[in-house]
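Read the figures in this text as sums done on the coordinates, not as results from a lab. Predicted model, so just to flag it, every value in this text is computed and none were measured. We place every Cβ from the backbone using ideal geometry, glycine too, and count neighbours over all the protein chains shown.
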């Protein structure tokens, strides 16, 4: 992986991680377009640069994350992330196997896109407008919804936001709580992958460390911009445009698979 390829992949990660469009699907297409040879380091790289993205959430919402008197915030995040951590631990190998299937990603993108076309009309009656009003039960249920994103192409952001709206959260509150849940969820996944790589290869080379540093820095900056844009856009326009976008990307991915450009 060259530095230029690294930067492009990291921009894609930062842009798509918190949008309801599936960062996995975009990574697959981008890596193929850039003709990046898949190996063990490229696999851990696409997960490890999530650290930069989640750091963007912590920086943007630092008042939430560093208000140590508000123990309920941490408790709700812990409750919400528990289902994903449990299932991720139990089925990590099966999840990794699904990641190899581009067809699964394409179908998930299409299905999720169709759902997003109607989601604003389905969940009109929202009553929870701030994080403080999210109960522990609601946090756990949103965490259960987040587990659907273990199917590649679903989008962790989309699953948890839809789960939030199903629990009566407003669009922007559901999106922000989705960001909060992302921090421990993605941190756990990243640490697990990095430790596995470290055990298998005895550590990272200086070149690999440099690549990871560049990738995380780029993902951090781009994710900061993407999160600010998404919240403002969501309040005004809702989810329909993201539904159309997912459908377009899903169809594109299926075409690439059908033509043999990307393996099924």
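Across the stretch 120-200, the convex hull enclosing all Cα atoms gives 91 Å³ per residue. For the chain, a Gaussian network of Cα nodes joined below 10 Å ranks 190, 205, 126 by mean-square fluctuation, and the top entry is 205. Each label point was placed 7 Å from the Cα along the Cα-to-Cβ direction; for residue 213 and residue 2 their separation is 2.2 nm.
The distance between label points at residue 70 and residue 206 comes to 4.4 nm (points 7 Å beyond Cα on the Cα→Cβ vector). Of 104, 16, 24, the residue with the greatest mean-square motion in the GNM of the chain, using alpha carbon springs below 10 Å, is 104. Comparing the stretch 3-258 with the 2.2 N^0.38 Å rule of thumb, its C-alpha radius of gyration ratio is 0.97 (two decimals).
Segment residue 188..residue 124, full-extension length gain: 19.7 nm, with 0.36 nm per residue of separation and the alpha-carbon distance subtracted.
The angle between the Cα long axis of helix 136-146 and the main principal axis of the chain comes to about 30°, on a 0 to 90 degree scale. Based on alpha-carbon centroids, what's the gap between the stretch 1-24 and the stretch 183-211 in Å, whole number please? The distance from the Cα centre of the stretch 1-24 to that of the stretch 183-211 comes to 17 Å.
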